[in-house]
1. Return the residues of region 120-131 that are under 19 Å from Q168 (Cα atoms) and surrounded by 12 or more Cβ atoms within 10 Å (Cβ to Cβ); say none if nothing qualifies.
2. Kindly evaluate G19 against the criterion of being open to solvent by 10 Å² or more (accessible area, probe 1.4 Å) and in contact with a Ser or Thr (Cβ under 6 Å, 6 or more places away or on another chain).
3. With A112, A5 as the choices, which residue is in the same structural domain as M133 (by TED's automatic domain parsing) and either in a loop (DSSP other than H, G, I, E, B) or crowded, with 19+ Cβ neighbours inside 10 Å (or both)?
4. List the pairs whose first member sits in region 119-130 and is closer than 14 Å to P83 by Cα and of a type outside the set (D, E, K, R), whose second member is in a loop (DSSP other than H, G, I, E, B) and open to solvent by less than 50 Å² (accessible area, probe 1.4 Å), and whose Cβ atoms are under 7 Å apart, counting only residues at least 6 apart or on separate chains?
5. Looking at region 202-227 only, could you name the residues that are surrounded by fewer than 23 Cβ atoms within 10 Å (Cβ to Cβ), touching a residue at least 60 places away in the same chain (Cβ under 8 Å) and within 16 Å of ligand 1 (Cβ to nearest atom)?
6. Consider region 144-199. How many of its residues are open to solvent by less than 10 Å² (accessible area, probe 1.4 Å), over 22 Å from A114 (Cβ atoms) and within 16 Å of ligand 2 (Cβ to nearest atom)?
7. Just one of N86, N90 is buried (at least 19 other Cβ atoms within 10 Å of the Cβ) and not aliphatic (A, V, I, L, M); which is it?
8. Let me spell it out: the conditions are (1) away from ligand 1 (no atom under 16 Å from the Cβ); (2) open to solvent by 10 Å² or more (accessible area, probe 1.4 Å), and F76 meets all of them except one. Which number is the exception?
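The values are calculated or read from the model by the stated rules, or taken from the named source; none is laboratory data. Treat the numbers as computed from the prediction; the structure is a model and nothing was measured. Heads up, the Cβs are rebuilt from the backbone with ideal geometry, glycines too, and the neighbour counts pull from every protein chain shown. Note: areas computed on protein heavy atoms with side chains; ligands, DNA, RNA excluded. Shrake-Rupley method; radii C 1.70, N 1.55, O 1.52, S 1.80 Å.
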Amino acid sequence: MSRGADIHLKGVSKRFDNGLRALDRVDLDLRAGEFVSIVGPSGCGKSTLLRIVAGLVASSTGTCERPADVETAFVFQEAALLPWRNVERNAQLLMELEGHPPDERRARAAEALALVGLAGFEKSYPHHLSGGMRMRLSLARALALRPGLLLLDEPLAAVDELTRDILQEELSALWRQAGFTAVLVTHNVHEAVFLSDRVVVMSPRPGRIVDVVDVPFAFPRAPELRASPEFARLTGEVTAALRRPIPA
Ligand SMILES: Nc1ncnc2c1ncn2[C@@H]1O[C@H](COP(=O)(O)OP(=O)(O)OP(=O)(O)O)[C@@H](O)[C@H]1O
Ligand SMILES: [Mg+2]
């Protein structure tokens, strides 16, 4: 059963208090259970858009319709772990903040750690983990909330390329299994195409949507897909959209 959330952004613009225009009339419908990536130049408003989708920041104009009760979890580029807490206590952190009872926290943390391949590392501390393992832990902490909406802001930007490919495959499997709606911000066009149903391409600031590229490959996607001509064609399409001059 899908626990994903339908979300509708209509005419979303964002102007910060200092006058800076970060987003310009963004229209985007996210369908329940879909995996959507957002690519665009640095500073174009991608993280701002994610925060608006999360309900953490209000748009200046336009609307973001989302179910009031959808559990939302965020994963950032920096794993943002607490160094004095071991793996299982880090995995429980968000549930603690939300007031889940201890038994439930322990059970859900154990389940999420097993899902991301960290079973057996419960008593380890973050400084003993590799970058990839820290990111798995950050993901487990988010998954333990059983989110209907998972927002990922460049989560794999800091890991090496091989680990990154493997984590992409793991993330895709977790998403298919859990059924949440996923929105991923990434600078990596290959990553966006490999993981997504659709890739949203944004212009330089103030960010506007300049293209939405549908990715027709069925799931699960094999690692070899990355070497196929069709994959190259789609990454080429996204890259071309990123480089296209913006009409005034
Ligand atoms: N609270 C704020 N007040 C003022 N300006 C802000 C605020 N938050 C972000 N900005 C500015 O808004 C613009 C968009 O920022 P945002 O972080 O959304 O971009 P981004 O696309 O995520 O960039 P990057 O790819 O570098 O992460 C940037 O110029 C940023 O400096
Ligand atoms: Mg950002």
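1. Just the residues of region 120-131 that are under 19 Å from Q168 (Cα atoms), to begin with: 129-131.
Once the filter is applied, which keeps residues that are under 19 Å from Q168 (Cα atoms) and surrounded by 12 or more Cβ atoms within 10 Å (Cβ to Cβ), region 120-131 yields L129, G131.
2. No, not satisfied.
3. Only one candidate qualifies: A112.
4. The qualifying pairs are S124/N86; Y125/N86; P126/L81.
5. Listed by number, the residues that qualify are S203, P204, R205, P206, R208, I209.
6. Total satisfying the criteria: 7.
7. N90
8. Result: F76 passes all but (1).
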